[in-house]
Every structure is written in structure tokens, then in C-alpha cells.
DNA sequence: GTTGAAGTGGAGGCACCCCTCCGCTAATGT
DNA sequence: ACATTAGCGGAGGGGTGCCTCCACTTCAAC
């Protein structure tokens, strides 16, 4: 209900007033971030409460549904991504795009929940996706206009490609990097007809 | 313990003797194939038994552990992939490689269990992976030697890239195809230094 | 047919998870 | 210091899944 800054969607959940309660709230968010990272959207809520060192009841008071909790985590990640897009605006087109994609990877590399959510649908996830796209899309557009990236691919395509590639497990970081490099070369290539 | 044909690994599980029991065995395999496809490795065994129209006890007699069941499904898929590699040997290098990768995608597109298993480790999964690599690797090698594919990427890299890209959800098949095309262009591109 | 062995299926014990409810604890304002 | 009340946490009911066990069924060999 608060006014919302463009590109920074808000969630219905409210941080509590009392100091101890705020500590718990934050601990829950942090624990949830980790748990969703490790186990995806299906992470056990009781486990999250345990990690946060609070009772299950406290989790449910702060986040009445699993969706509320997930949304709260998600919105934080997305806000960081939006901020990153601003910061990188100064770099040359291709470098800016790649740098932003790497931040994106920085999330989903460890946090497959975010990547699962590319498909899921809820009022607020949609709004988050829009914010994220609004932040990142111009970077792709600029790289395309200046001829650094092929033009027959959309931002959504690109994000899914990157999400897919980096969401998988790899033998080591070097391999992940190699594969990502190949895909980025594909993004740079002239479209091929055969 | 039986002799194993090269490229066609075997499983410890044995198909039962009696006709009715064989029907159940086959129904279980089929149900498991579907269930693993939909829910990944964590599919409910009780659900698989239900789908197959048999009691849970029957499932456990045929496949004492979840791993046994999964292995049995997996080995079937891999054998098909190995066969495909033989069939495609006649095509030109690049076409053969791409065609085989498409078959590979044909699996993991619907069956994410196979793709999860690229990482997992067990005696027999390892042996399956070896068989699959033995079948597919020559296709990449040939494309590389003839200059159709870049040489700074390994077969394992390629498979993981493809698995990652196609394991994700897409808005529609056209998008999946577009993204796959970009990645394949990357595979064809000269390595880039910047 | 008869009969023995192969095969069946589901009840039941255990573990985990979801979510609600409410008696208790302790932070805060005065 | 004390009262007020926000906040706590975990017991408990319901659900699902894992796996074992064994009384029963049915195939197939004779």
C-alpha cells in the first residue's frame, strides 16, 4: 500500500515493530534465502524455522503462507539486480550486458528457486519479473543497437538461456565458465541459416 | 555378472519369470518412466505403484531400492541414445552431431530425471554415462576435426550446456528452439578472446 | 484337476512436513 | 517497577511417503 518506487516492487508482508521480533524476522528471511537456494521452492518450512532459531509459529505469524515467505526473499534478490543494472549503465554496451548477466548468474548459480520462479505465476512474481526486465532489457537493446549482440533474440530468451545454462551442475567453475562463454559467443554471432 | 555388450550397460535387476509378474514389471517400468519425467528423481514410489496398478509390495520386490528402479529406467533411455548415435553415423559431421543432440534433448526435454543424473554418482550411472559418452563423443570429434565445431570445448561441456538449456521451462517450443539455435551458433563460432 | 512355489497387495510402524492454536514470556512505555 | 500487549514456540492433528512383512492368490508344471 505504500507508494512504490519504479522498478522496486513491494510485498504485503510487514517487518514487525519490536526489536526482538525484527531480529527473528530478519533471521527467517536469511534462513529462507539459504534454504530456497539449497532445496528450491520446496524447502521445508520447519527446517527454515529451525535454521533461523525460532519456533515454527513465529515463521507462520510473519509469513502466513509459503508464498509470502518466498515472495519476500525473491523481492530482495530482484531489487539487487535492478540496482546492479543502474550501476553498470556506464560500461560499454557489450561489457555492461555481460556484467549484468554475470550478476544474474551469481544468484541462480546458488539459488535455483529464483530460476524456478521464471515460470511460476503470482501477482507479485509477475511484478518482480517486470521490474527485472525493465532493468535488464535496455542493456540487451543497447548491445543489439550497437551491433554487439544479434538482434533475433529477445530478452526473455536470453534470460532463460542463461538461467538454464547456469542452473545445471558442473564439474567445476572452470567448466561453467567455459560453457557460458560458448553461449555468449552464440549471442554475439550473426544469425546462421543452416 | 552377465557379459555386457559394449555401449550397452546392464542392471542387476532381473525381469521375473511368470507371465503375470512380467506384466507388472513392465507396467512398473513404464509408470516410473513417466513419474520420473514429471517429478524428477523424487517421484513418489507409492504413486508409481498406483499408476502401474500394482501394490507397493510388488514394486519393492522387483526394485528393492529407489535406485534400482531409477537405474532400470535410466539404462533403457541410454541404450536408445547409443543406438541413435549408430544410426546417425551416416550424416555429414555437423548434421549428425546436431541430430544426436536433438535426440538427447528429446529425453531431457520431458524427462528431467535423466538430466539430474548427469551429476549423481553410482556404479551403474557412471557406466551408463560412459556408454553414452562413448556413443556421442565421436560425433563431436568428427565435427571438430572437419572444422564445423570449435575445438576448445569438450563433450562433457557440450552435454551439460545442452542439458541446462533444454532442462529449463520455456514459454513455448519456438522459444526453446530459438535459444537452442543461439547456443549451437556458439558451438560453431570461432573462440573469441574478448 | 491338484499342488507347490512364485507372486501379490495393503496394513501398519516410522518419519517428516504442513499448519493452527493458545498458554506463556518479555519488550516497551509510563 | 509495573502493566500491557506484541510476540513466542511447540504440541498436536492431519496428511503423505518410505519400507517391511506376511496371509492370501494365482500361475504353470504335472
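The values are calculated or read from the model by the stated rules, or taken from the named source; none is laboratory data. What you are looking at is a predicted structure, and each value in this text was computed from that prediction instead of being measured. Reconstructed Cβ throughout: ideal geometry from the backbone, glycine too, with neighbour counts over all protein chains shown.
A few notes on this one:
- Test: residue in the stretch B:43-66 that is away from DNA strand C (no atom under 11 Å from the Cβ) and at pLDDT below 90: no
- Residue check, residue A:124 at pLDDT below 95, more than 7 Å from every other protein chain (Cβ to nearest Cβ), in a helix (DSSP H, G or I) and over 13 Å from the mean Cα position of the chain (by Cα): yes
- The set of residues from the stretch A:5-27 being at pLDDT 95 or above and touching a helix residue (DSSP H, G or I) at 6+ places or on another chain (Cβ under 7 Å) comprises A:24, A:25, A:27.
- Residues that are part of a loop (DSSP other than H, G, I, E, B) and more than 7 Å from chain B (Cβ to nearest Cβ), drawn from the stretch A:172-189: A:172
- The set of residues in the stretch B:144-160 that are part of a helix (DSSP H, G or I), within 14 Å of chain A (Cβ to nearest Cβ) and either surrounded by fewer than 21 Cβ atoms within 10 Å (Cβ to Cβ) or at pLDDT 95 or above (or both) comprises B:144, B:155, B:156, B:157, B:158.
- Search result, residues across the stretch A:90-108 that are in contact (Cβ under 8 Å) with a residue 40 or more places away in the chain and more than 17 Å from the chain's Cα centre (by Cα): A:93, A:94, A:96
- Applying the criterion of being more than 14 Å from chain B (Cβ to nearest Cβ) and touching a helix residue (DSSP H, G or I) at 6+ places or on another chain (Cβ under 6 Å) to the residues of the stretch A:30-44, the residue that is nearest to DNA strand D (Cβ to nearest atom) is A:31.
- The residues in the stretch B:48-60 that are assigned to a helix (DSSP H, G or I) and either more than 9 Å from DNA strand D (Cβ to nearest atom) or loosely packed, with under 14 Cβ neighbours inside 10 Å (or both) can be counted, and the count is 4.
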